[in-house]
């Protein structure tokens with residue numbers, strides 16, 4: 001079964017963070033209780049928000065409604081370019097035009113052509129069934145004919161509805177006993193390169209289960225060893241988040257749990273302590289200090305790696321700036 005997930009947090013979870021960037025760290029308090037998942041979830045959400053703001057993009061899918069754009073007669077020669085405010089554009093839904101307080105008129109979806117959804121770049125290209133200058137569509141004057149009376153500029157003329165963010169799909173699949181292959185169909189197709197994460201929730205003897213033959217419309221789940229004692233149940237997540245962006249999210253999100261875990265190694269700010277009884281003594285030293293936590297070296301390393309990661313991500317995702325002197 002295929003489900004279109006509604007959040008990037010179906011892919012980047014507390015367990016994901018624990019099993020990657022926090023592997024080997026003691027994530028328990030002084031009483032031996034596990035750190036609550038809300039700690040990791042907050043760290044992940046904070047990291048996602050930070051990177052969204054830094055790169056000027058939307059990671060977690062967000063539905064945008066009635067975003068307005070001006071129209072200028074100068075754009076006619078450029079085939080009416082529009083740069084959507086949020087990006088990347090996951091899916092385009094609909095658009096309309098409205099002149100002042102006149103009634104809003106829905107326009108053909110096929111006229112809005114995505115040149116580069118990654119950067120939110122679209123063009124209005126009238127196609128089959130379109131009109132020419134001076135004509136009306138459903139009684140409403142269209143693009144060129146209005147500008148003669150408005151000095152070539154109409155503020156807020158175009159309204160667009162779309163969903164920004166990275167495409168995420170998730171679902172479960174049942175691999176029948178004795179079979180090694182199962183095809184998963186994605187509908188609608190995924191418009192960008194994606195990665196598949198496979199989790200076997202009930203193996204029934206199946207082993208080495210991987211995703212193969214990944215394409216826009218689906219992928220193949222293949223088991224090296226077929227289930228032998230019943231049908232195997234497999235959960236999967238397919239997402240288009242680039243791996244280097246996941247790396248940056250993990251590096252940033254791991255710092256809060258590492259700071260807390262480091263303080264609890266021997267106690268906040270305690271560098272060493274010793275005990276003695278009946279002539280027997282024991283001393284323990286840590287890397288903690290008044291200004292450094294027990295995992296400070298790992299935090300410092302992640303900070304260095306994050307700096308390099310963000311430089312690459314800014315080069316790939318930030319829009320070129322315009323400056324004036």
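Below is a table of values for the structure above.
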| read-out | value |
| --- | --- |
| Sequence ranges 165-173, 57-65, 26-34, 208-216, ranked by mean other-Cβ count within 10 angstrom, highest first | 165-173, 57-65, 208-216, 26-34 |
| Euclidean distance of C-alpha centroids, the stretch 60-118 and the stretch 23-37, integer Å | 49 Å |
| Cα centroid separation - the stretch 158-201 against the stretch 218-267, whole Å | 16 Å |
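The numbers here are math on the coordinates, done by the rules we state, and not lab data. These numbers come from a predicted model, not from an experiment. Neighbour counts are summed over all protein chains in view; Cβ atoms, including those assigned to glycine, are modelled from backbone coordinates with ideal geometry.
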